[in-house]
1. Could you tell me whether the stretch 504-515 includes any residue that is hydroxyl-bearing (Ser, Thr, Tyr), in contact with a helix residue (DSSP H, G or I) (Cβ under 7 Å, 6 or more places away or on another chain) and at pLDDT 90 or above?
2. Would you check which residues across the stretch 292-312 are over 15 Å from residue 244 (Cβ atoms) and among the hydrophobic types (A, V, I, L, M, F, W, C) and list them?
3. Condition first: under 21 Å from residue 75 (Cβ atoms) and in contact with a His (Cβ under 9 Å, 6 or more places away or on another chain). Now tell me which residues in the stretch 95-150 satisfy that.
4. What do you reckon, is residue 158 assigned to a strand (DSSP E or B), over 29 Å from residue 216 (Cβ atoms) and not assigned by TED's automatic domain parsing to the domain that holds residue 229?
5. Name the residues in the stretch 115-134 that are in contact with a helix residue (DSSP H, G or I) (Cβ under 8 Å, 6 or more places away or on another chain) and either surrounded by fewer than 18 Cβ atoms within 10 Å (Cβ to Cβ) or farther than 19 Å from residue 68 by Cα (or both), would you?
6. Scanning for something at positive phi and either part of a strand (DSSP E or B) or out of contact with any Ser or Thr (no Cβ under 6 Å at 6 or more places or on another chain) (or both), does the stretch 99-117 turn up at least one residue?
7. Give the residues of the stretch 174-204 that are on the phi < 0 side of the Ramachandran plot and in a strand (DSSP E or B), sorted by residue number.
8. Restricting to the stretch 209-223, count the residues that are touching a helix residue (DSSP H, G or I) at 6+ places or on another chain (Cβ under 8 Å) and of a type in the set (D, E, K, R).
Amino acid sequence: MGFQFAGSIPLSISNATNLTHLELGGNELVGKVPSLANLHNLLKVTLCTNYLGTGGFDANELSFLCSLTNATNLMILVMQGNRFGGTLPACIGNFSSTFIALRLGQNLISGEIPREIGNLVSLQGLRMDDNLISGPIPSDLGKLSHLAKLILSNNNLSGIIPPSLQNLQMLFFLNLSNNNLSGPVIFPMVGDLIYLDLSWNHLSGVLPMEIRNLKHLDTLDVSRNILDSEIPSSLGNCDGLTVLRLQDNLFHGPIPQSISSLISIKELDLSVNNFYGEIPQFLEKFQFLEKLNLSYNHFEGMLPTEGVFGNVSATFVAGNEKLCGGMPVFELPKCVSQNSKSRGRVHKLKLTIAIVFGLLGITLVVTFLHLRWLKQRRNEPISSSLNDSLFNLSYGTLLKATDGFSSTNLIGVGSFGSVYKGLLQENGNVIAVKVLNLTRHGALKSFKAECEALKSIKHRNLLKVLTACSGVDYKGDEFKALVYEFMINGNLEEWLHPNPAPNVADGHSKKLSLLQRINISIDVAFALDYLHNQCESPIIHCDLKPSNVLLDADMVGHVGDFGLTKIVLESMSDTRASMSSVGLKGTIGYTAPEYANGSPVSREGDVYSYGILLLEMFTGLSPTSDMFRDNLSLHNYVDKALPLQAKEITDPVLFHEGESHNSSQDLPRERNCILQECLETVYHIGLACSVEEPRRRMSIDKVATQLHSIKKKLSAASLLG
């Protein structure tokens with residue numbers, strides 16, 4: 001790479017009155033952009049991939065755009081990958097009649113899209129992705145008859161997709177994903193649309209039959225919405241599709257025969273819906289199919305074995321309880337023949353008759369058994385599962401598993417109890433037992449809150465609870481405990497701030513690599529997104545911190561400790577969250593500042609805690625460190641260091657020893673720049689999550705998406721090993 005400019009853009013740039021191309025992209029420029037009003041001859045302005053802007057601290061920092069209205073032949077403005085904040089001025093609608101491309105992605109722009117943008121009648125490309133833009137999509141965009149590419153993904157846009165977008169016949173690329181859009185699915189009814197991504201919104205209703213008109217469509221992604229319909233048979237007309245993602249909706253019905261015409265399909269994801277019926281045989285014949293996900297539906301019958309079904313790393317069918325057969329590795333039950341089914345029905349009839357007569361005898365002893373149970377209750381504690389699928393463990397079993405709750409098995413002490421490692425002698429399973437200290441004020445409430453939260457939730461990034469034990473111990477005292485799946489790698493706190501002494505067992509201290517930190521941060525974001533947006537009623541964790549993130553053998557993150565959890569009943573004017581938030585403490589350093597003023601718990605409060613956690617994971621600094629005093633916080637510390645000192649504030653563990661291939665001294669300049677850029681983006685996400693004003697915080701689903709983008713970028717540059 002050649003020489004890079006640094007510092008601010010000089011005011012003297014306005015003297016270059018004959019300039020036609022101002023191309024300053026890929027430098028290290030900072031600060032505000034001066035007025036360009038004197039540059040009447042400009043055709044193209046490129047400011048991308050710098051550090052320009054103030055991150056939103058100056059609401060008018062985009063006012064320089066108005067000076068470009070003097071450039072009557074301006075065609076292209078490229079500003080993505082900076083720190084521009086504030087709102088877009090309405091004056092952009094006064095750009096030249098020849099203006100064709102506006103790229104503002106990957107900034108911190110807020111406010112609404114000005115409707116005046118509809119005046120740019122020659123506009124062909126509009127990118128505003130990865131910002132903080134809110135409000136509706138202006139219907140005036142439907143006036144842009146030449147628009148070919150529209151990307152508004154990863155913002156906070158709300159309202160419906162304006163029907164006027166159906167008029168954009170030149171559009172071939174439309175991405176509105178990761179917003180808060182609601183209402184019906186809208187897309188151009190005619191034209192050459194190739195890419196359509198409406199995922200991660202709140203769109204409802206049906207997938208329109210008019211999809212048949214998009215004969216050139218290559219990618220269709222409407223996942224993570226609330227669409228409720230059958231797959232329209234007309235989708236089979238889109239025979240050029242290579243990617244079809246319908247997962248995480250309310251789609252139902254069988255897979256229609258018309259899908260058999262999608263012979264070019266490479267990825268088909270129908271998971272987490274209500275599809276039923278048999279899996280059609282034609283899926284075996286899709287020779288280009290590289291990924292097929294049918295998980296968590298109601299499919300039944302025999303699982304095919306040919307084609308993609310023979311590749312267990314490409315096919316996913318978990319959560320379909322009535323499937324049988326298939327490759328042995330799927331571990332599905334063997335399929336039962338019709339003759340076997342007939343014999344089974346006869347057997348069931350005989351069994352039913354026997355049961356009826358048996359019940360007569362059982363009735364005679366029920367009273368005796370019930371009385372005996374009551375007598376024994378005091379001496380033999382009972383264990384009640386959180387749901388019917390969980391096994392029961394008595395107090396005596398837990399006592400034996402933990403060697404009498406021995407201090408040698410103590411693995412943690414929390415606000416309301418202690419956690420012990422245990423070994424079940426019956427099956428050899430290792431468990432973690434959280435024993436509540438019922439003498440502590442709030443412990444019983446914590447137990448009930450955790451049971452309430454855990455009984456109806458299930459996610460790979462939430463700590464798996466096995467059972468809840470509630471009864472009396474051998475002294476006759478009340479006993480309550482929660483039993484969890486044991487996490488062999490402990491908690492995130494131990495890895496971020498390990499004991500200075502080396503681990504005797506393995507001969508080295510705990511260290512987290514860059515890849516592990518990225519993955520864990522994504523895991524935690526997924527867990528929060530599930531709690532906030534995918535449960536029947538939103539669940540607010542209220543105590544997110546490193547010690548409550550547990551790590552399994554594969555270093556996958558699991559969020560645990562739901563003792564302060566609040567379930568928000570959004571349909572009620574007086575939410576359970578606000579009723580129970582009085583006196584909420586959380587943990588100093590991670591608790592959202594508005595809680596101190598009595599504000600009710602909220603998703604935004606969890607997002608604040610996540611932001612602090614993310615900053616801690618990459619700086620290696622605790623928010624309660626002694627260095628943070630006199631109005632200096634972890635948030636402010638990171639904010640002041642950006643954009644030029646991202647590496648200097650990063651945990652040095654990432655640049656030496658186990659990460660020697662990531663050493664800033666050894667990296668080629670280009671890879672070094674990518675690492676710098678990705679670290680800065682991580683910090684921007686952490687800062688955007690932990691801003692003081694709740695409504696300005698980034699939503700957790702967008703956090704996960706942006707972190708995935710960072711991971712892909714680092715992987716492409718071979719910076720993740």
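The values are calculated or read from the model by the stated rules, or taken from the named source; none is laboratory data. Keep in mind the model is a prediction, meaning the values are calculated, not measured. All Cβ positions, glycine included, derive from the backbone under ideal geometry; neighbour counts span all protein chains shown.
1. The answer is no; no qualifying residue exists.
2. 299, 302, 303, 309, 312 - these are the residues of the stretch 292-312 that are over 15 Å from residue 244 (Cβ atoms) and among the hydrophobic types (A, V, I, L, M, F, W, C).
3. 100, 121, 122, 123, 124
4. Criteria met by residue 158.
5. 115, 116, 121, 130, 132
6. So far as the stretch 99-117 goes, yes, one or more of its residues are at positive phi and either part of a strand (DSSP E or B) or out of contact with any Ser or Thr (no Cβ under 6 Å at 6 or more places or on another chain) (or both).
7. Correct list: 174, 175, 180, 181, 182, 195, 196, 197, 202, 203, 204.
8. 3
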